[in-house]
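Have a look at the structure below, then the notes.
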Amino acid sequence: MSDTPTAAEQRIPVTVLTGFLGSGKTTLLNKLLRRPELADTAVIINEFGEIGLDHLLVEKSDDEGMVTLNSGCLCCTVRGDLVRTMSELFLKRSRGEVSQFKRMVVETTGLADPAPILHTLMTDPLLASRYRLDGVVTTVDGVNGSSTLDNHEEAIKQAAVADRILLTKVDIADAPKLAELKHRLHHLNPGAPFQTVEAGEIDPNKILNAGLYNPESKTADVKKWLQAEAYEGSHDHGHDHHHGHDHGHDHDHKHGHDAHSEQDPHNVNRHDDRIRSFCMTFDEPMSWSTVAAAFDALVTYRGPDLLRMKGILNVKDTDKPVVVHGVQHVFHPPATIEAWPEGDDRKSRVVFITRDIAESTIRKVFASFFEAEKKGWGGTAEPPKPL
């Protein structure tokens with residue numbers, strides 16, 4: 001990580017566009033690339049199968065920034081292809097062989113779990129010096145979305161890790177079913193604002209700059225990125241005034257999707273009944289080594305089920321807020337930002353989206369490490385680096 005505050009703003013923002021088969025990703029991308037806001041955008045399309053076809057449907061004035069990965073699902077091989085392709089595009093940009101693109105969109109195949117792409121963007125040192133993850137945008141079919149969520153766990157994960165959810169085909173969707181789908185998506189991922197899309201049309205500003213950095217103010221837009229307030233009205237949970245003690249409550253009782261499934265007996269076995277989303281608040285400053293050790297324990301034992309985690313921490317070791325971001329077992333290197341959001345009370349806030357992990361379980365993990373710290377035990381994690 002660079003030690004200059006503006007380094008992240010100088011890296012090229014990458015939007016990951018995902019969504020299940022037939023949910024309208026290509027139509028959306030087609031329309032977006034005609035907009036002036038995406039005039040200087042490079043596009044990488046991941047295909048399923050040996051012959052790439054979708055890129056032929058995407059219109060662009062020139063295709064020098066359009067690359068198709070034909071390897072299908074993003075396993076280790078394709079992740080290597082992604083690193084190589086993004087690096088080569090950056091070098092061609094530096095040499096003037098392609099246009100000076102200012103943004104990149106990576107469209108996944110409809111069958112893909114987006115996590116490997118996020119892992120690659122978060123951990124590859126070559127990419128991290130040149131690109132930054134701006135946000136995950138997930139398209140959901142307004143007509144067939146509910147049945148897709150019922151039958152395909154990949155679609156659940158695509159919605160769960162999203163920063164923005166786009167409801168497509170709303171002009172031909174049944175209104176009551178669409179309302180139910182919105183309700184379901186909100187409980188699945190309260191922190192992801194959703195927009196409706198008709199015939200692929202949407203204001204690009206609704207989905208761009210969904211990450212931690214605001215290019216207009218040149219500052220970290222923590223509140224917009226974290227969306228912590230979205231969880232306050234979604235589930236029944238309270239502040240953690242004692243560093244992770246759960247005050248004897250089971251914070252996993254009847255969270256939104258669980259209660260919803262009980263009200264609808266036909267949907268008891270839905271995949272999203274396994275997903276839980278919540279925001280934990282810690283009033284007191286934390287020791288970085290201790291909180292890092294708690295995260296490390298969670299990753300070690302339950303990494304695959306930590307679908308996404310975002311947080312801003314008040315750490316004893318620094319006066320500046322520390323930002324943490326994880327997707328399953330992969331965590332972005334923690335980093336400090338210059339200042340707390342205006343009017344912030346400096347409480348630590350961590351948003352979790354998990355699969356088969358109760359909020360009470362995570363609270364107990366943090367409580368055990370904070371208790372151990374009081375008894376004189378300390379972790380050995382490295383302190384955060386400046387952003």
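The values are calculated or read from the model by the stated rules, or taken from the named source; none is laboratory data. Everything numeric in this text was worked out from a predicted model, so none of it was measured. Glycine also receives a Cβ, built like all others from the backbone with ideal geometry; neighbour counts cover every protein chain displayed. Ligands, DNA and RNA are stripped out before the accessible areas are found, and what is left, the full protein with its side chains, is counted by its heavy atoms. Shrake-Rupley method; radii C 1.70, N 1.55, O 1.52, S 1.80 Å.
Screening Leu133, Leu126, Leu121 for residues that are more than 11 Å from Val16 (Cα to Cα) and hydrophobic (A, V, I, L, M, F, W, C) leaves exactly one candidate, Leu126. Among residues of the range 327-339 that are under 19 Å from Val16 (Cα atoms) and of a type in the set (A, V, I, L, M, F, W, C), those with a Cβ under 7 angstrom from a residue that is assigned to a loop (DSSP other than H, G, I, E, B) and open to solvent by less than 20 Å² (accessible area, probe 1.4 Å), sequence gap 6+ or separate chain, pair up as Val327/Val161.
On the given criteria, is Val140 open to solvent by less than 60 Å² (accessible area, probe 1.4 Å), in contact with an Asp or Glu (Cβ under 7 Å, 6 or more places away or on another chain) and of a type in the set (A, V, I, L, M)?
Details: open to solvent by less than 60 Å² (accessible area, probe 1.4 Å): yes; in contact with an Asp or Glu (Cβ under 7 Å, 6 or more places away or on another chain): no; of a type in the set (A, V, I, L, M): yes.
Against the criterion (open to solvent by less than 60 Å² (accessible area, probe 1.4 Å), in contact with an Asp or Glu (Cβ under 7 Å, 6 or more places away or on another chain) and of a type in the set (A, V, I, L, M)), Val140 does not qualify.
Filtering the range 170-220 to residues that are free of Cβ contacts under 8 Å to residues at least 60 places away in the same chain, open to solvent by 20 Å² or more (accessible area, probe 1.4 Å) and under 15 Å from the mean Cα position of the chain (by Cα) leaves Pro193, Phe194. Figure legend. Inter-residue proximity from the range 264-291: first residues modelled with pLDDT under 80, second residues of a type outside the set (Val, Ile, Thr), beta-carbon distance below 6 Å, spacing 6+ or different chains. Indicated pairs: Asn267/Ser261; Val268/Ser261; Arg270/Asp150; His271/Glu153; Asp272/Leu188; Asp272/His257. Against the numbered list (1) more than 17 Å from Leu133 (Cβ to Cβ); (2) at pLDDT below 85; (3) open to solvent by less than 10 Å² (accessible area, probe 1.4 Å); (4) of a type outside the set (Lys, Arg), Ala8 comes up short only at (1). Could we say that Ala297 is of a type in the set (A, V, I, L, M) and open to solvent by less than 30 Å² (accessible area, probe 1.4 Å) here? Answer is yes for this residue. Quick one: Leu167 ticks every box in (1) open to solvent by less than 50 Å² (accessible area, probe 1.4 Å); (2) in contact with a His (Cβ under 9 Å, 6 or more places away or on another chain); (3) not hydroxyl-bearing (Ser, Thr, Tyr) bar one, so which box is it? Here Leu167 meets the rest and fails (2). Restricting the range 320-346 to residues that are of a type in the set (Gly, Ala, Ser) and not in a strand (DSSP E or B) leaves a set whose member that is nearest to the chain's Cα centre (by Cα) is Ala339. Within the range 81-99, residues that are open to solvent by less than 80 Å² (accessible area, probe 1.4 Å) have Cβ atoms under 8 Å from residues that are among the aromatic types (Phe, Trp, Tyr) and modelled with pLDDT of 85 or more in these pairs: Met86/Tyr131; Leu89/Phe101; Phe90/Tyr131; Arg93/Phe101, counting only partners at least 6 apart in sequence or on another chain.
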